[in-house]
1. Which value results for Rg/Rh of the stretch 425-575 when Rg is the Cα radius of gyration and Rh the Kirkwood radius based on the inverse mean 1/r?
2. Relative to the Cα centre, what is the charge dipole magnitude of the chain, using +1 at the beta carbon of each Lys and Arg, -1 at the beta carbon of each Asp and Glu, and rounding to the nearest 20 debye?
3. Can you give the extra length, in nm with one decimal, that the chain gains between D244 and D283 once fully stretched, where that is 0.36 nm per residue apart less the Cα-Cα distance?
4. Highest mean first, how do 187-199, 95-107, 123-135 rank when packing is the count of other Cβ atoms within 10 Å averaged over residues?
5. Past 23 Å, Cα to Cα, is the threshold; run K10/K60; K19/K378; K378/K430; K56/K378 against it and keep the listed order.
6. Under a cut-off of 27 Å between alpha-carbon atoms, report the lysines in cross-link reach of K557, not counting same-chain residues fewer than 8 places apart.
7. Mind checking which of Y456, F472, M428 is farthest towards the positive end of the stretch 388-508's charge dipole, using Cβ charges of +1 (Lys, Arg) and -1 (Asp, Glu) about the Cα centre?
8. Counting only Cα, what are the radius of gyration and maximum Cα-Cα distance Dmax of the stretch 1-150, in Å?
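The values are calculated or read from the model by the stated rules, or taken from the named source; none is laboratory data. No experiment lies behind these values; they were computed from the predicted model shown. Note that we place each Cβ from the backbone using ideal geometry, even for glycine, and neighbour counts take in every protein chain shown. Heads up: the accessible areas ignore ligands, DNA and RNA and are worked out on the full protein's heavy atoms, side chains in. Shrake-Rupley method; radii C 1.70, N 1.55, O 1.52, S 1.80 Å.
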Amino acid sequence: MNIFAELDAKVRATLDALKADGSLLSDLDLAGIEVQEPRDPSHGDAALNAAMVLAKRAQKKPREIAELIAARLADDAQIAAVDVAGPGFINVRFEPTVWEALVADIFARGTDFGRSDFGAGRSVQVEYVSANPTGPMHIGHCRGAVFGDALAAVLAAVGYDVTREYYINDAGAQVDKLGQSAVLRYREALGEDIGQIPEGLYPGDYLKPVGETLKERYGDALLAKSEPEQISTARDAAIDLMMDMIRSDLGALGVRHDVFFSERSLNTGDRDQVAEAIAVLRDEGLIFEGLLPRPKGHDEDDWEEREQTLFRSTEFGDDMDRALMKSDGTYTYFANDVAYHYNKVERGFDQMFNVLGADHIGYIPRIKAAVAALSGGKADFQTPVCNLVKVMRNGEPVRMSKRAGTFVELRDVVDEVGRDPVRFMMLMNKSDTPIDFDLAKVVEQSRDNPVFYVQYAHARLASVFRKAADQFPELALTHLKSQSIAMVRLSDDGEQDLLRQVSRYPRLLLMAAREREPHRLPRYLFDLASALHAQWGRGNDNPALRFIREDDPALTKARLQLMICVQTVLASGLDILGVDAPDTM
């Protein structure tokens, strides 16, 4: 039950009626009207912006429109009052029956409360992480992994058919360097002193198990093969083992994917999808043979202009055209990306998201240009960006991983503080803002630690239900949901605030999905937990406000039913975020 959506439907029906009877222009555009949460809860349960939005279009004063709307809505049996304030603000208060229907819906739907079919019938692909399989996951990958996973979960919660995808960059120069590095570790496993790993290769100790694996498989027989064969064999083994490690690291973080798409599959076997994508662009007149200007920062003496096969990406907003084939006929790195996104377009997704790190911002215009060209401008393609994460401990930067050598490993962070703090805290801010992740702060048991504060709210309510069942067996959880609901007994401001907070959840989920902003969910859960803890504290100061009143079983029942709603929403939101909702802490 989304009380905001239901009121929105009533407002639109009212406006249609006003247009029909001539009170408003018959062709009045209703775009932009919205049912909102009042800035001040004392003003009501919902606020309408319709009069302010429509005034200029309707050629009327906002207050005149507001009074027309208010007069019609006041006749609705579920609306207790409609007030027009100031120049034309409209505030609405609901009858207790609305809150009772809300509570009944939560009891009936459980943690499915808030979910909707808004996106039903539409398919969405979310590509995230897609780290090169050249080493373990590091903290730089963490935020994109959690954001992409949460975005997919939020979209699924409102009805979209979501495909979670990881693009394996298993072709090109970087994985060839991985193969060279693995050959060195293989020789080391055979007892050879390989000395210092040459610059440009991967020096991390995480490749030592690859060397041991190659030794177990081939003994010293691999040394008899040519160098290209050695590198190819070692590369394939290293990619497999690195992807196993990456899947394990992601699993520890609770991140999953439905599809792992191999870059090498684009032009292996009987089908060359890179050539197909280039052919599509050529048919559209978007391919030409030409010269590119010298890249910024490139030494002019070393730069040699060569004719290449170029894509007219500037026609789609890019700052320069892009090479797809080098002068020797081989594909560029970008050509493979073009083919991969053509593959996505062919799969027919209604929307596509590439979650990118801040270091890939410069890459966005060219890939957007490719998708626009390949889809005829029809693809809904978006590129959310995740900014940097700085790992701290008590305000001091954390040293790099000894095993990795150059970065903080994701698995080390998860092992130290746990999955839940990592996931929750990575989502507390908009993805494009930098964050400091303090390993000491995220395990504190205080209000300053949002994940603890939210989980503690869930556990605190579980303890309330256990205590209530001991004192009032008839008010055990199994009975509370089947008994009559009397929210009219809840007259305290704090109780009313909790009801309003709970009612916001379906709208919040929908907004998080529509705006592609999963950070709205943990922030909402923190606000709900804060309201719960505040009401608990008020009960400590004033016994009349305690959740369990031995002298008033009926009031106790109403308060416990409200607390079921609060706990249900906390559990639902935490589940979507991939965070546990504990009953004890």
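1. 1.01
2. In total the dipole reaches around 1520 debye.
3. Net length gain for the segment: 10.0 nm.
4. Numbers: 187-199: 12.4, 95-107: 19.2, 123-135: 22.5.
With the highest mean Cβ count within 10 Å placed first, the list reads 123-135, 95-107, 187-199.
5. Values: K10/K60 21 Å; K19/K378 35 Å; K378/K430 28 Å; K56/K378 33 Å.
Violating the 23 Å limit, Cα to Cα: K19/K378; K378/K430; K56/K378.
6. Those lysines meeting the cut-off are K467, K481.
7. M428
8. 21.4, 69
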